[in-house]
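The values are calculated or read from the model by the stated rules, or taken from the named source; none is laboratory data. Please read these numbers as outputs of a predicted model, since none were measured by experiment. Heads up, the Cβs are rebuilt from the backbone with ideal geometry, glycines too, and the neighbour counts pull from every protein chain shown.
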Amino acid sequence: MQSKFEHFAVTSMMGAADRPPRAEGALQFSREWERTAFAVALALSRDGHFEWEDFRQHLIAAIGDWEGRHDINDPSWNYYDQWLCALEAMVVASGLASPDEIASRAAASEAAHLCFK
C-alpha cells in the first residue's frame, strides 16, 4: 500500500515522459537495485531533502542526455539507470553525499557502471 506522498509522486508521472515502467498496472523492476533506488528517491523527497518536482526535472534531463548519446533503439536502455543518475545528482545537490562518496559505494555494487565514477 502506498502512502499519500508515494501515490502523489507516482501519479504525478503518469502519462509523462519520465513515467516509470509498468507491467499489468504495477511498477516493474528487473533488479533489486532498481526497486531500492525508486524507494530511496521517494523517501528522501518525502523527508524533505529535495522537492519531488526537482527530482523529476533531473530525471527528464537524464533521459534526454541518454537519448542524445544513443540511438532510440539502443538495447542498453534502462529507465532505472536514468533514475539512479537523477537520484545521485539530487543527493549531491542536497549535500547528503559527495560524488566521491557515491562512487566509492557504487564501486562495490551491481550499479557501479552508472553516473558517478
Just checking, how many residues over the range 67-91 are modelled with pLDDT of 90 or more and of a type in the set (Val, Ile, Thr)? 1
Apart from one, (1) at pLDDT below 90; (2) more than 23 Å from PRO21 (Cβ to Cβ) all hold for SER109; the odd one out is (2)
